1. Amide H neighbours of Leu176 under 5 Å, counting only residues 5+ apart in sequence or on other chains, H built in-plane at 1.01 Å?
2. Roughly to the nearest percent, how much of the accessible area of the chain is carbon and sulfur, given a 1.4 Å probe?
3. Taking a ≥ b ≥ c as the square roots of the Cα gyration tensor eigenvalues, with a/c under 1.5 meaning rounded and otherwise prolate when a/b beats b/c, else oblate, which class fits segment 1-91?
4. Mind checking segment 1-105 for trypsin sites (Lys or Arg not before Pro) that DSSP puts in a loop (not H, G, I, E or B) and that have at most 14 other Cβ atoms within 10 Å?
5. For a quick size check, give me the Cα extents of the chain along its three principal axes, largest first, whole Å.
6. Met1 accessible area, nearest 10 Å², 1.4 Å probe?
7. Below 17 Å, Cα to Cα, which aspartates and glutamates can Lys114 reach? Residues fewer than 8 away in the same chain don't count.
8. Please compute the contact order of the chain in relative form: average sequence separation of alpha-carbon pairs under 8 Å and at least six residues apart, divided by the residue count, as a percent.
Amino acid sequence: MHIQYCTYAELQEMTPSSVVVDGSLMVMPFTNAELANQAANVMSERANSPGLIWAILDAQRVGFVQVVNAAFLASQSTWFGYVAQDAFAGRRWLALALEALGEQKHFLGFNDGKWAGALAAFGLARRSWALQNYPQKANAFFYPQYARHYADAELTLLALQAGVYAYEPNSVLVELDWDKDSASVDEADRLLFTQRKAVQFDGKVLNPVLLDMLA
């Protein structure tokens, strides 16, 4: 995989679909350049599959969701994924993910060392599937009203309801966040997720087991 860097300000100036990637596109919003460089280099070396790691500096602190959505709009690729600056990639992480997705699955949650596949904290989606999720929101990748949390949870539930979710435990992108378990979540995002769940995510998640799976 290749690595490309830009700022969020530069991303905003790009025309839709102007970044064309042959293979998989992994977007990495970052605020710490040293962490992002380390993570991107290891991911590139261990991917065993073509594509691009697009590291985007969020100097304005607009948030993970907004950066990913802007990158989704500005790009073209068969596969589109997201990862944080504190990820550590296992060997063949991308090749194994694509093998697990195959022709029938459309969204994969990487093994991030915490959720064991129950939640795609870092994920990879078939773009054609992702475009169907929020057409009323200008084809956003994540539901755009989230800022930092729960957007990945909603996307996971959509894929599980549709039967298109994949998990391969050997496809590893571990999150190296030493304060993760003690960090608080964004309360506005938590409230939004609760509200979204009450309307079954616009009627797209009907299984009561799934609706109760993530608090």
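The values are calculated or read from the model by the stated rules, or taken from the named source; none is laboratory data. Please read these numbers as outputs of a predicted model, since none were measured by experiment. Because the Cβ atoms are built from the backbone with ideal geometry, glycine has one as well, and the counts that use them run over all protein chains shown. Surface areas here come from the heavy atoms of the whole protein model, side chains and all, with no ligands, DNA or RNA. Shrake-Rupley method; radii C 1.70, N 1.55, O 1.52, S 1.80 Å.
1. Amide H neighbours of Leu176: Ala87, Phe88.
2. Numbers: 5150 of 9970 Å².
Carbon with sulfur: 52 percent of the solvent-accessible area.
3. Oblate.
4. Arg61, Arg91
5. 41, 36, 35
6. For Met1, solvent-accessible area is about 40 Å².
7. Cross-link targets: Asp86, Asp152, Glu168, Glu175, Asp177, Asp179, Asp181.
8. Computed over the chain, the figure is 21 percent.
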